[in-house]
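What follows is a set of notes on a single structure, which appears directly below.
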């Protein structure tokens with residue numbers, strides 16, 4: 001993995017009617033985003049969830065691929081009729097959709113020649129020239145074409161594959177994060193918080209999120225920055241604010 | 001709630017760095033989508049998750065508002081500096097951003113005049129002419145402007161408010177759904193499934209999702225249609241397919 005001292009971003013494209021309909025809870029966004037953040041210094045700046053429709057997929061892949069450094073798609077690379085990701089991405093980039101020789105071999109070995117039916121063969125079809133993302137759990141590989149990384153939708157399989165994306169990614173500056181949990185309500189500190197954010201807006205992002213814990217209402221103040229020093233400085237300001245307002249800090 | 005016998009769709013716009021960074025797991029998509037589907041016959045056709053940035057918010061609100069019958073936004077309507085939804089939507093539609101008289105009163109009564117500080121007052125500011133979505137848990141109302149419904153990000157509060165959106169929505173045809181759980185692998189039935197989907201593509205959507213249950217691998221076949229009769233017919237075809245292939249059906 002190459003390293004560059006700069007901001008690198010990504011978008012995630014979740015493909016699947018089952019997520020859109022609310023039948024299945026998406027877990028891939030949080031997993032991929034956490035992984036990109038902590039392991040690669042890459043921020044996820046947009047997520048889209050779309051149905052299994054070729055026209056919609058083509059449009060979204062092109063938009064996201066143009067606007068972000070990387071795009072991670074999940075879902076739609078299995079053997080059934082609603083698995084249209086590989087064909088749609090080929091169409092989006094006007095690249096031939098064909099059998100990938102190595103993927104074909106991997107799958108043929110995994111299933112055995114006699115059980116390697118058309119559905120299974122379909123999983124070896126991808127945009128011409130794609131690189132493979134190896135799959136240690138169920139053989140069928142994901143693929144990379146241009147700046148788009150296509151992974152399966154089943155979280156346990158996706159999770160087992162993600163490390164194999166690393167060597168193809170340019171690393172961004174590590175994003176450090178601190179969380180300060182205060183037993184207060186947002187509106188008690190919103191004014192001062194706004195002032196601290198304004199003063200540090202170039203280098204530190206401050207987010208404020210209500211929580212309920214130990215029977216009490218509180219606010220998590222999450223600060224994020226590529227500079228550890230600036231992050232510490234802002235957190236000292238926040239702790240001073242809490243002291244000034246006599247707000248209890250939750251120690252965890 | 002008016003009823004029309006037609007397809008009505010919606011998009012969801014999740015606003016918040018905490019979801020994008022993977023710190024917080026989004027639960028609002030599944031909840032809103034299930035509610036719209038089952039209570040209003042409205043299909044969610046796209047979801048986007050975006051950061052707390054005005055420019056990004058404006059662009060996405062305009063795009064989604066144009067392309068879908070309804071847009072539901074979640075998050076960013078609290079008292080802190082990162083709560084920019086109401087102001088951004090005003091900007092998107094070029095509508096004045098000002099105190100909503102009724103919202104102001106509701107909040108003033110809730111907090112009491114002496115504790116009604118600037119942060120809390122901010123929650124009464126919204127696009128001029130907005131309708132309120134009442135909030136039975138924590139007073140601060142959501143709002144409706146044009147075809148955009150703005151709700152808070154905290155799931156328990158959002159859930160308590162959703163019923164108050166109903167009277168402003170045009171009901172679509174109810175979408176019926178059936179799930180058939182088969183103890184097989186996708187590639188064993190993918191060909192026949194594709195044929196059944198092709199034959200019924202106008203009226204029934206067939207989705208296929210692997211599962212792991214009772215120590216065995218299986219596939220959930222989810223069928224969705226506005227026609228109960230067509231749904232039953234397709235499910236009879238699917239059961240026949242399972243019998244023909246000697247596939248065990250999971251009874252639940």
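The values are calculated or read from the model by the stated rules, or taken from the named source; none is laboratory data. From a predicted model like this one, the values you see are computed outputs, not experimental measurements. Note: ideal-geometry Cβ built from the backbone for every residue, glycine included; neighbour counts use all protein chains shown.
Here is how the numbers come out for the structure above:
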read-out: Residue list for region A:237-248, filter: surrounded by fewer than 17 Cβ atoms within 10 Å (Cβ to Cβ) and within 11 Å of residue A:221 (Cα to Cα); value: A:239
read-out: Residue match in region B:224-240 (condition: within 30 Å of residue B:96 (Cβ to Cβ) and within 18 Å of the chain's Cα centre (by Cα)); value: no
read-out: Qualifying residue in region A:73-80 (condition: more than 23 Å from residue A:137 (Cβ to Cβ) and touching a strand residue (DSSP E or B) at 6+ places or on another chain (Cβ under 9 Å)); value: no
read-out: Residues satisfying the stated conditions in region B:35-52, i.e. modelled with pLDDT under 95 and within 7 Å of chain A (Cβ to nearest Cβ); value: B:37
read-out: Residue A:45, sole failed condition from (1) more than 18 Å from residue A:163 (Cβ to Cβ); (2) touching a helix residue (DSSP H, G or I) at 6+ places or on another chain (Cβ under 6 Å); value: (2)
read-out: Residue check for residue B:87: in contact (Cβ under 8 Å) with a residue 24 or more places away in the chain, in a strand (DSSP E or B) and under 23 Å from residue B:155 (Cα atoms); value: no
read-out: Every residue from region B:61-81 that is more than 18 Å from residue B:97 (Cβ to Cβ) and surrounded by fewer than 24 Cβ atoms within 10 Å (Cβ to Cβ); value: B:63, B:64, B:66, B:67, B:68, B:69
read-out: Test: residue in region B:62-70 that is more than 9 Å from the chain's Cα centre (by Cα), within 9 Å of chain A (Cβ to nearest Cβ) and without any contact (Cβ under 8 Å) to a residue 24 or more places away in the chain; value: no
read-out: Strands (runs of 3 or more DSSP E) contained in region A:121-236 and holding at least 3 residues at the interface with another protein chain (Cβ under 9 Å from one of its Cβ atoms) and buried (at least 18 other Cβ atoms within 10 Å of the Cβ); value: A:205-213, A:216-225
read-out: Matching residues, region B:107-120, being part of a helix (DSSP H, G or I) and within 14 Å of another protein chain (Cβ to nearest Cβ); value: B:107, B:108, B:110, B:111, B:114, B:115, B:118, B:119, B:120
read-out: Breaking point among (1) in a helix (DSSP H, G or I); (2) touching a strand residue (DSSP E or B) at 6+ places or on another chain (Cβ under 8 Å), for residue B:104; value: (2)
read-out: Residues within region A:28-55 that are surrounded by fewer than 19 Cβ atoms within 10 Å (Cβ to Cβ) and within 10 Å of the chain's Cα centre (by Cα), tallied; value: 2
read-out: Failed item in (1) free of Cβ contacts under 8 Å to residues at least 40 places away in the same chain; (2) within 16 Å of the chain's Cα centre (by Cα), with residue B:134 passing the rest; value: (2)
